Amino acid sequence: MSRFDLSIGDFVGRTGVSEPTLRMWERRYGFPEPKRTASGHRRYSEDQAELIGRMQALRQSGLSLPAAIARAQAPPDPDAISLFASLRGLRPELEPRVVGKPVLIALSHAIEDEMLARAEARVMFACFQRESFYRSSQVRWRELSAAARVAAVFADFGQTRAPGDGGDGSDAGDPAEVPISRRQQIAREWAIVTYGGRSSMAMVARELAASNVGAVTATRAFELVWTVEPEAVRALARACGALLARSLPELAASVDDQLAIDAAASAAEQVRLTTAVVNRVLSELS
């Protein structure tokens, strides 16, 4: 369960929505609905801040305020989930950069290695587009999965596999394998989402329309955004949990438990984490 520990002042600072506007939305639409303390003061949750972010992104796409509120509160459609669009909506200040596949490999390895070194991961997700891409990294992800409470990967797998489904125990440390279809938005995305402690990171790259998943490495191009801001990472992890819930609802419920644990990180800690990842990227590319 999300904790209602944000005062209205904190919530205004978190969302950028003024106090009079929040009160008006609450009166007219019952959104967001705060908890009340014994003294009558409003308290909000980080989940509600994420809802506000989604609603504002929908408003920017042209929806009316009532329609945007209804859409933001509706259960997510797995086919429509895009981690790239979600992060852009949550953090519009993040400017996408077009990069090639070698840069994505370097950044992916840097994030993975830093998470292993810090040993703080609670949940880990990755989008591989194609099963063959995951198989080439399966040994690496077995180690990553063993270091996390919950781990799952998404690709065009032929079937769902929970950890240990092989029967002989040889794959007990592997992450869950969750099939995605090529019509889903996430099928064009390359992503790593890791949430835990002060070491929360996410990178999401969406393959450009002119690029092709089956093309040679040198011709593939992606729009990339990444962040070490814990609440943005937690929102992406929740979206991954919604994808997981369709195939493995019990495992998805354990994701919710892990995400309910706060992962506050100071600005200085976020700078140190960013620096560590960038240094690893430079080392890999040099």
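Between amide H atoms placed 1.01 Å from N, distances below 5 Å from residue 200 occur with no residue 5 or more places distant or on a separate chain. Using 0.36 nm per residue and subtracting the Cα-Cα separation, the extra length available between residue 4 and residue 183 on full extension is 60.7 nm. Database remark: amide H of residue 151 closer than 5 angstrom to the amide H of 124, 176 (H placed geometrically; neighbours at sequence offset of 5 or more, or on other chains; Pro and chain starts carry no H).
Multiplying the sequence separation of residue 257 and residue 285 by 0.36 nm and subtracting their Cα-Cα distance, what value in nm do you get? Working shown, then result.
Details: separation 28, 0.36 × 28 = 10.08 nm, distance 3.72 nm.
Fully extending the segment from residue 257 to residue 285 adds 6.4 nm.
Highest mean first, the peptides 228-237, 104-113, 55-64 sorted by other C-beta atoms within 10 Å per residue fall in the order 228-237, 104-113, 55-64.
Restricting attention to the chain, close to 70% of DSSP beta bridges with both partner residues there are antiparallel. 3J(HN,Hα) along region 79-85: 5, 9, 5, 10, 5, 4, 5 Hz, from the Karplus curve 6.51 cos²θ - 1.76 cosθ + 1.60 with θ = phi - 60°, whole Hz, x for Gly and Pro.
So, in Å, what gap is there between the alpha-carbon centers of region 54-104 and region 206-250? Computed from Cα coordinates, the inter-centre distance equals 12 Å. Using C-alpha pairs below 8 Å separated by at least 6 residues, the relative contact order for the chain is 19 percent. Normalised size of the chain, defined as Cα radius of gyration per 2.2 N^0.38 Å with N residues, equals 1.02. A cut-off under 11 angstrom between Cβ atoms defines the neighbours of residue 133, and their net charge, with Lys, Arg +1 and Asp, Glu -1, is +1. Amide H contacts of residue 35 (H built 1.01 Å from N, in plane; Pro and chain starts excluded): 43 sit under 5 Å, all sequence-distant by 5 or more or on other chains.
In order along region 276-283, phi translates into HN-Hα couplings of 4, 5, 4, 4, 5, 4, 4, 5 Hz, rounded to whole numbers, per the Karplus curve 6.51 cos²θ - 1.76 cosθ + 1.60 with θ = phi - 60° and x for Gly and Pro.
When each of the peptides 30-41, 82-93, 199-210 is scored by the mean number of other C-beta atoms lying within 10 Å of its residues, the order from highest to lowest reads 199-210, 82-93, 30-41. Between residue 159 and residue 218, full extension at 0.36 nm per residue minus the direct alpha carbon distance yields a gain of 18.2 nm.
Throughout, read-outs are computed from the coordinates displayed, never taken from laboratory work. No experiment lies behind these values; they were computed from the predicted model shown. A quick note on method: Cβ atoms are made from the backbone with ideal geometry, for glycine too, and the neighbour counts reach across all protein chains shown.
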